[in-house]
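K.L.:
First the structure, which I've put down as structure tokens, then a few questions once you've had a look.
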Amino acid sequence: MAFESVARLEDVPSGRGHHVAVAGLPVALFRVGDTVYAMEDRCPHADARLSGGSLEGCVVICPVHGWDFDVRTGFKPDDADGFAIPCYAVRIEAGEVFVDVEDEINHPRRGRRGEVSPA
Ligand code: FES
């Protein structure tokens with residue numbers, strides 16, 4: 001799979017998320033200034049949609065129990081050694097937001113040049 005058009009930039013609000021489905025996966029889009037971040041739209045605590053949470057800077061607060069995650073990295077802000085929520089590559093062209101859910105930018109086995117080593 002490659003980049004797929006998922007939303008218009010103006011449809012992604014500031015201060016909260018925007019849910020889309022990409023290839024059957026729930027994806028939350030978060031807008032910080034003119035940048036959009038994409039992460040799996042599923043809280044690891046109890047599966048709530050993170051797109052329904054509030055966005056404070058680059059941190060989304062889960063609407064159910066308040067766990068927080070940095071939308072740039074998928075990690076909790078104070079725990080970069082924990083488990084990250086999958087984050088995906090985003091491209092914006094002519095006001096259109098594209099996401100590639102096969103390009104998991106924070107994959108734990110991803111090398112510095114983006115390659116993923118075998119398990
Ligand atoms: S479901 Fe997200 S913190 Fe509980």
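K.L.:
Just the residues that are touching a Ser or Thr at 6+ places or on another chain (Cβ under 8 Å) and open to solvent by 40 Å² or more (accessible area, probe 1.4 Å), please, taken from the range 17-26.
P.N.:
HIS18, HIS19 - these are the residues of the range 17-26 that are touching a Ser or Thr at 6+ places or on another chain (Cβ under 8 Å) and open to solvent by 40 Å² or more (accessible area, probe 1.4 Å).
K.L.:
Any residue at all in the range 1-16 that is under 14 Å from the mean Cα position of the chain (by Cα), open to solvent by less than 70 Å² (accessible area, probe 1.4 Å) and within 13 Å of the ligand (Cβ to nearest atom)?
P.N.:
The answer is no; no qualifying residue exists.
K.L.:
Given the structure, is LEU55 open to solvent by less than 40 Å² (accessible area, probe 1.4 Å) and either without any contact (Cβ under 8 Å) to a residue 40 or more places away in the chain or within 12 Å of the ligand (Cβ to nearest atom) (or both)?
P.N.:
Details: open to solvent by less than 40 Å² (accessible area, probe 1.4 Å): yes; either without any contact (Cβ under 8 Å) to a residue 40 or more places away in the chain or within 12 Å of the ligand (Cβ to nearest atom) (or both): no.
For LEU55, the condition - open to solvent by less than 40 Å² (accessible area, probe 1.4 Å) and either without any contact (Cβ under 8 Å) to a residue 40 or more places away in the chain or within 12 Å of the ligand (Cβ to nearest atom) (or both) - is not met.
K.L.:
Among the residues of the range 76-91, which ones are over 16 Å from VAL27 (Cα atoms) and either part of a loop (DSSP other than H, G, I, E, B) or away from the ligand (no atom under 16 Å from the Cβ) (or both)?
P.N.:
PRO77, ASP78, ALA80, ASP81, GLY82, PHE83
K.L.:
Okay, moving on. Which of the following residues is touching a helix residue (DSSP H, G or I) at 6+ places or on another chain (Cβ under 8 Å), more than 22 Å from ALA94 (Cβ to Cβ) and touching a residue at least 40 places away in the same chain (Cβ under 8 Å): ARG42, ARG16?
P.N.:
Within the list ARG42, ARG16, the selection yields ARG42.
K.L.:
Here's another thing I want to ask about it. Restricting attention to the range 42-52, report how many residues are loosely packed, with under 15 Cβ neighbours inside 10 Å and of a type outside the set (Gly, Ala, Ser).
P.N.:
The number of residues fulfilling the criteria is 2.
K.L.:
Can you say whether ARG72 is part of a loop (DSSP other than H, G, I, E, B), more than 16 Å from the ligand (Cβ to nearest atom) and open to solvent by 70 Å² or more (accessible area, probe 1.4 Å), as far as the supplied structure shows?
P.N.:
yes
The values are calculated or read from the model by the stated rules, or taken from the named source; none is laboratory data. Here the structure is a predicted model, which means the values were calculated and not measured. All Cβ positions, even for glycine, are placed from backbone atoms using ideal geometry, and neighbour counts span all protein chains on display. Protein only, heavy atoms only, side chains kept; ligands, DNA and RNA dropped before computing areas. Shrake-Rupley method; radii C 1.70, N 1.55, O 1.52, S 1.80 Å.
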